[in-house]
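Asks: Here it is, the structure in full.
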Amino acid sequence: MRWITVGPAASPARPSCWPAGRRPRLHRRRAPYHRRDDGQGTYGWILLATKDLDGTFERLQASNAEVVQEPVEQPYGIRDCAFRDPAGNLVRIQEVR
């Protein structure tokens, strides 16, 4: 199994890890609902945060990442954007204020 590891540059000894690349094992009654190959990724979505949302968005867009939503002020007070990773998972990035 592969893992995605992310962490703050200021604290590289404290990363967070998530399994990636394989669907989790499912109970036999639930498996048919999850076996379709719809490109939606295994874990659905992940939320990250940055102090420089516009700069982060520009870097990801320049790398040809699939843009789902450009930076926008949400009605509930968060400014964020969204991309899809190569596995199809939704990656939302919010601005830290």
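Bear in mind these aren't lab numbers, they're just calculated from the coordinates by the rules spelled out. No experiment lies behind these values; they were computed from the predicted model shown.
Asks: For segment 48-59, what does the Karplus curve 6.51 cos²θ - 1.76 cosθ + 1.60, with θ = phi - 60°, yield as ³J(HN,Hα) per residue in whole Hz, taken in order and with x for Gly and Pro?
Replies: 10, 9, 8, 7, 10, 5, 5, x, 4, 4, 4, 5
Asks: Once amide H atoms are placed 1.01 Å from N in the peptide plane, what residues at a sequence separation of 5 or more from Arg79, or on another chain, have their amide H within under 5 Å of its amide H?
Replies: Amide H to amide H, under 5 Å and 5 or more residues apart or across chains, Arg79 pairs with Gln74, Glu95.
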